[in-house]
Amino acid sequence: MNDIRNVKLSSLGDSNYVKPLRMHYTQNGIEKTWDLIKIHDSVSILIYNTTRKVLIFVKQFRPAVYFASIPEYDRQMIIETSKYPPECGITLELCAGIVDKNLALEEVARIEVLEECGYDIPVSNLERIISYRSGIGVCGDNQTIFYAEVTDNMKVGKGGGNLEEGELIEVVEMTVPQAKEYINKGTVLSPGGFIFALLWFFQNKSTL
């Protein structure tokens, strides 16, 4: 995962995932514009293994996080990975995926848990925590967080993501004390939904 080379930037052409737009509107008689991005909605799943009492997360390289870690003055078309190590873009997250198929959100979540973490769970194991709007300044996509309890008996594969789609994911297990220590660091390479889901878990599910 850390073997990142030949990092280059280019202008964005046609994309299946990101579509930049400009909205024109009138508010209180004043004409305005706003630049925004159309992206897919998504689901994420907070997984707790009750057999070994560990939370299941994923690690992966996020190009956007890596790019944002580079100072503005040094964002050249070719990035020196010797100067800016790939670890700057490796995040700890919930198991997650975009909603790009005509399936119920619970079914999308079930598939992601199987692909990324290797657990085959019934849809009935999924508890919806919340749906909310993310990136409200640029995209406003709908994200839904689920909670799922699993056992070692449900483990049918090693996970790691969909190789056909180029995913390279590392499954990470943490005890509840380890997860609490992680989010108390002050600065973490994790999205806000991850932090919210953990705080929800600590309040509603954890007795530690």
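The values are calculated or read from the model by the stated rules, or taken from the named source; none is laboratory data. Everything numeric in this text was worked out from a predicted model, so none of it was measured. Backbone-built Cβ (ideal geometry, glycine too); neighbour counts: all protein chains shown.
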Name the pairs: first residue in segment 143-169 and over 16 Å from GLN60 (Cβ atoms), second residue surrounded by fewer than 19 Cβ atoms within 10 Å (Cβ to Cβ) and of a type in the set (Asp, Glu), Cβ to Cβ under 6 Å, at least 6 apart or on different chains? TYR147/GLU127; MET154/ASP120; VAL156/ASP120
(1) free of Cβ contacts under 8 Å to residues at least 24 places away in the same chain; (2) crowded, with 19+ Cβ neighbours inside 10 Å all hold for LYS101 apart from (2)
Which numbered condition in (1) at pLDDT 95 or above; (2) part of a loop (DSSP other than H, G, I, E, B) is the only one that THR91 fails? (2)
Checking the condition within 20 Å of TYR182 (Cβ to Cβ) and exposed (fewer than 13 other Cβ atoms within 10 Å of the Cβ), which residue from ASN2, ASN16 passes? ASN2
Counting only residues that are in contact with a Lys or Arg (Cβ under 9 Å, 6 or more places away or on another chain) and not in a strand (DSSP E or B), how many does segment 155-190 have? 4
Pick out the one residue from ARG110, ARG128 that is surrounded by 12 or more Cβ atoms within 10 Å (Cβ to Cβ), modelled with pLDDT of 95 or more and in contact with a helix residue (DSSP H, G or I) (Cβ under 6 Å, 6 or more places away or on another chain). ARG110
Segment 131-144, subset within 15 Å of ALA96 (Cα to Cα) and not charged (D, E, K, R), residue surrounded by the most Cβ atoms within 10 Å (Cβ to Cβ): THR144
Segment 145-184 - residue that is under 17 Å from the mean Cα position of the chain (by Cα) and of a type in the set (D, E, K, R) and, of those, surrounded by the fewest Cβ atoms within 10 Å (Cβ to Cβ): GLU165
Looking at this structure, is THR33 over 19 Å from the mean Cα position of the chain (by Cα), over 30 Å from TYR119 (Cβ atoms), modelled with pLDDT of 95 or more and hydroxyl-bearing (Ser, Thr, Tyr)? yes
Filtering segment 37-47 for residues that are surrounded by fewer than 17 Cβ atoms within 10 Å (Cβ to Cβ) and not in a loop (DSSP other than H, G, I, E, B) leaves a count of 2
